[in-house]
Amino acid sequence: MRLFSRRKLLGILGSTLCTRPGFALGRDRFRLGITPVFLDNDANLLDKLGTALSEASGFTVEFEQRRTYEEVTGLLLQGAVDAAWLCGFPFLQHQDALSLLAIPVWHGQPLYQSYLIVGASDTATTLDDLKGAAHAFSDPDSNSGYLMTVTDLVRAGETPTDFFSRSIFTYGHRNVVRAVAAGLVRSGSVDGYVWEVLAKEEPELTRRTKVIAKSEWVGFPPFCARKERMSEPRIRAFQKALLTLVEQDTGKQALDLLQLDGMALGEPDLYAGIAARMRELEALR
């Protein structure tokens, strides 16, 4: 797997990954929004995933990439993409307009955690120990890369501005790990799934960091579509393609690269923990 190890491939797709070879140019296209906050554009992975979804759905699946969750969510709400791979935080922010298509399954469950990390030799053992230091978040609309840590601070009567000497957004979970590993910041908030994948694929990077806190388990970043389009045949076909990835050879290869078990149906209740933290954050404003 080379999911997170190809730094040079950042931006290889520009804003759109073109039609996969082997599919007719006139074939109907299905646009899927993604962001490098979650994926670090690996050409092999995206080729496998796009091919598998295209074969199963009957459409040519193309990826529309943007830098932030806000941009990708905007594309979905505006109808510029047919579906998007989001985070539970932006899904809940727009739950009145969005529906769940499928949720990735990792280690047998559609759940993941947020990790708080520091440098490998750091003496900190809790969030409290990081007061007055610099911190890296991934994206302001990321649950694991922002919301979890911020609401932990809120519960302690703190705010990020007052607690940290400074904070930055890296717009990529791997970039959070890199910033901590390089000593650019003392700590970071990162997707636990991403950190665990990196620990297998780039151990030389993660061994320069360590995890000092983990959040509760919450719903894994989901695939979403606009609510009023859920009955459309093309949306249903794409949803079925997601759910049956594990049944195809190419789909299995893509899932192996992602280190996921498959995709499953899910209910908004999976994101109840995130919703509770969102309410805590809103109460602060």
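The number of residues in region 229-269 being more than 21 Å from Glu62 (Cβ to Cβ), outside any loop (DSSP other than H, G, I, E, B) and free of Cβ contacts under 8 Å to residues at least 12 places away in the same chain comes to 4.
For region 119-143, the candidate set comprises residues that are of a type in the set (Ser, Thr, Tyr) and surrounded by fewer than 23 Cβ atoms within 10 Å (Cβ to Cβ); within that set, the residue that is farthest from Gly273 (Cα to Cα) is Ser121. Kindly list the number of the only condition in (1) among the hydroxyl-bearing types (Ser, Thr, Tyr); (2) closer than 30 Å to Arg208 by Cα; (3) outside the structural domain of Trp195 (by the TED database) that fails for Ser99. So Ser99 meets the others, but not (2). Residue pairs whose Cβ atoms lie under 6 Å apart, separated by 6 or more positions or on different chains, with the first residue in region 163-192 and over 14 Å from Ser144 (Cβ atoms) and the second at pLDDT 95 or above and open to solvent by 60 Å² or more (accessible area, probe 1.4 Å), are Phe163/Lys131; Ala181/Arg208.
Residue-wise test of (1) among the charged types (D, E, K, R); (2) buried (at least 21 other Cβ atoms within 10 Å of the Cβ).
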residue: Leu198; (1), (2): no, yes
residue: Arg207; (1), (2): yes, no
residue: Val218; (1), (2): no, yes
residue: Met230; (1), (2): no, no
residue: Arg234; (1), (2): yes, no
residue: Leu255; (1), (2): no, yes
residue: Gln259; (1), (2): no, no
residue: Ile274; (1), (2): no, yes
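The values are calculated or read from the model by the stated rules, or taken from the named source; none is laboratory data. Since the structure is predicted, the reported quantities are computational estimates derived from the model, not experimental observations. Note that each Cβ is placed from the backbone with ideal geometry, even for glycine, and that neighbours are counted across all protein chains shown. Heads up: the accessible areas ignore ligands, DNA and RNA and are worked out on the full protein's heavy atoms, side chains in. Shrake-Rupley method; radii C 1.70, N 1.55, O 1.52, S 1.80 Å.
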